[in-house]
Amino acid sequence: FRLVLLGPPGVGKGTQAELLCHSLGTCHLSTGDVFRAASCQHEPSPALKSALDAMKRGELVSDGLVVTMVEERSGCLACCGGFLLDGFPRTVAQAEALDELLQGQGVALDGVLSYDLPLAEIVDRLSGRRTCSKCKAVYHVTARPPHKEGICDLCGNALIQREDDRPEAIRVRMQAYEESTRPLADYYARTDRLLSVPAEGSPEAILERSLRELQEQS
Ligand code: AP5
Ligand code: ZN
């Protein structure tokens, strides 16, 4: 499958991406993860530095920089097991660039899994998220707590809160989503590629719903 995961911040795209990749054997590309990994660079270029500053505030990174970054990883789009894009595209301009990129490779998207959840639950998922400072495993203080508070089950390192999970940054991210990303649902619906999946319930229940949508569509 060649898929895009669409949905507001904190809806559970990263969690579903992990489960879907495991069941479908696809390659996973998260633009947010790539930018966060780049934040460790000692001397980031001015363009990367301004992208990381925008991220901290909860704003979107510029389309040009994001598209270049995806183009540099276009090998992932040619992966024979298919791919799963998480957090990209996020604007209509990015979606058009992706369609062009795929056209150039002679392939097309199979579908766009679009997740949605009421705002109060989104805020709860974001504010309760904790991430391992070393291996980046994702937890939630109540829904997916580690065995020992504040410590990663997998590598024993400290869990931290993402900088953009602070209340002010969450507000900015939700606004960016409403303004720039929600219109993408229409973009994909017009070409019959949108698969809507409610994101309530356990990660496993949502995975099952997602797989059912994919099966019905194919
Ligand atoms: P990105 O990293 O893409 O963040 P996001 O879209 O805001 O999404 P999140 O990672 O916050 O949430 P998620 O939906 O993956 O949820 P998760 O599974 O972690 O982007 C970050 C920033 O990078 C952007 O703001 C922007 O600046 C920049 N950027 C990235 N891509 C860009 C692009 N294409 N264009 C421009 N800028 C870009 O789950 C959240 C929490 O809920 C976790 O604690 C989890 O354990 C818990 N949880 C998950 N599922 C469930 C469930 N079913 N029940 C209960 N809890 C659950
Ligand atoms: Zn860890």
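Here are the numbers for the structure shown:
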read-out: Residue identified as more than 10 Å from ligand 1 (Cβ to nearest atom) and surrounded by 15 or more Cβ atoms within 10 Å (Cβ to Cβ) among Leu85, Leu101, Leu126, Leu119; value: Leu101
read-out: Verdict on Arg129 being more than 16 Å from ligand 2 (Cβ to nearest atom), more than 13 Å from Val4 (Cβ to Cβ) and under 16 Å from the mean Cα position of the chain (by Cα); value: no
read-out: Matching option when the condition is at pLDDT 95 or above and in contact with a Phe, Trp or Tyr (Cβ under 8 Å, 6 or more places away or on another chain), among Arg129, Arg125; value: Arg129
read-out: Counted residues, region 188-208 - those being within 18 Å of the chain's Cα centre (by Cα) and in a helix (DSSP H, G or I); value: 5
read-out: Hits in region 22-48 - residues which are of a type in the set (Val, Ile, Thr) and either in contact with an Asp or Glu (Cβ under 7 Å, 6 or more places away or on another chain) or away from ligand 1 (no atom under 11 Å from the Cβ) (or both); value: Thr26
read-out: Neighbours by Cβ (under 6 Å, 6+ apart or cross-chain): first from region 55-80, at positive phi; second of a type in the set (D, E, K, R) and modelled with pLDDT of 90 or more; value: Gly58/Asp164; Gly58/Arg173
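The values are calculated or read from the model by the stated rules, or taken from the named source; none is laboratory data. What you see is a predicted model, and the numbers here were worked out from it, not measured in a lab. Note that each Cβ is placed from the backbone with ideal geometry, even for glycine, and that neighbours are counted across all protein chains shown.
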